[in-house]
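Enquirer: Once you've had a glance at the structure underneath, I'll fire off some questions.
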Amino acid sequence: KAVVSTQSTGVSRNQEQGYLVAVMSNIAVTETGRQHLLHETIFSELISFLTMPGNMIVRRSTARLLRNLSFDTKTHAMLLEHLPLIVYPLVGGEEIEEEEMDKLPIDLQYLPEDKRREPDLQTRVLLSDTLFQLGGTYSVRERFREENYYVLLKNYDQWEEDMDARERIQNVIYLIVQDDGEVDLRKEGEFPEGIEEGKDELVVVKREDERENKDEKVIGNAGS
């Protein structure tokens, strides 16, 4: 209802809009709130704020909203419908071979050479976290692979200078390239503990080499 009221009154481009999206991102930590926000009319309006020019606060708040929604696997079907828009801020204007380009979603093909990535680091990190949470669902990982998102995310990884942000997008890339079979990494409806209190906790998937190194340390300590 709040989104509809901003449309009817014309309040949609200033601080009030940023406040609105921030409130919505807080609402998304409750199951009732998520059900309300996933109404097609409301969600389509909210996610359009992700690419709003000249308003970094609105874009960041929208990315946080998406991240909060993505913690609940029941939201993944709706988020998957808008996957190109979620990835769009992370995409630049790098040259891509035509064969690779044709596999991409239409909305992400043949972007102009001067296409700029999202300049706000926090927004980029929130979007990477969203993609990682989505990647916990098998059908999403399959979409990542079928539509060649690897190429776009790899380009972003090579462009990104912040090491923490790079690690987060590399976690997403790992989900794409690993051979995991039809196995979901999270149970349906699972919501990370602590998110209701506003903490930024994530579901972490360790790489196999990290698990092996940890096991070696445990064995070594046991033998000492």
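The values are calculated or read from the model by the stated rules, or taken from the named source; none is laboratory data. What you see is a predicted model; the values in this text were computed from it and never measured. Virtual Cβ from ideal backbone geometry, glycine too; neighbours counted across all protein chains shown. Surface areas here come from the heavy atoms of the whole protein model, side chains and all, with no ligands, DNA or RNA. Shrake-Rupley method; radii C 1.70, N 1.55, O 1.52, S 1.80 Å.
Enquirer: Does Asn155 meet the test of being touching a residue at least 60 places away in the same chain (Cβ under 8 Å), more than 27 Å from Ser25 (Cβ to Cβ) and not acidic (Asp, Glu)?
Expert: yes
Enquirer: Out of all the residues in segment 61-88, which are open to solvent by 10 Å² or more (accessible area, probe 1.4 Å), over 15 Å from Val21 (Cα atoms) and charged (D, E, K, R)?
Expert: Within segment 61-88, Lys74, Glu81 qualify.
Enquirer: Across segment 142-165, what is the total count of residues that are of a type in the set (Lys, Arg) and out of contact with any Leu (no Cβ under 8 Å at 6 or more places or on another chain)?
Expert: Summing the residues that are of a type in the set (Lys, Arg) and out of contact with any Leu (no Cβ under 8 Å at 6 or more places or on another chain) in segment 142-165 gives 2.
Enquirer: Can you give me the number of residues within segment 27-60 that are more than 18 Å from Val87 (Cβ to Cβ), assigned to a helix (DSSP H, G or I) and open to solvent by 10 Å² or more (accessible area, probe 1.4 Å)?
Expert: 12
Enquirer: For segment 108-123, enumerate the residues that are surrounded by 12 or more Cβ atoms within 10 Å (Cβ to Cβ) and within 17 Å of the chain's Cα centre (by Cα).
Expert: Correct list: Leu108, Arg117, Glu118, Asp120, Leu121, Gln122, Thr123.
Enquirer: Run Leu153 past the list (1) modelled with pLDDT of 95 or more; (2) open to solvent by 60 Å² or more (accessible area, probe 1.4 Å) and report the number of the one that doesn't hold.
Expert: Condition not satisfied by Leu153: (2).
Enquirer: Is it fair to say Ser128 is in contact (Cβ under 8 Å) with a residue 40 or more places away in the chain, surrounded by fewer than 23 Cβ atoms within 10 Å (Cβ to Cβ) and on the phi < 0 side of the Ramachandran plot?
Expert: no
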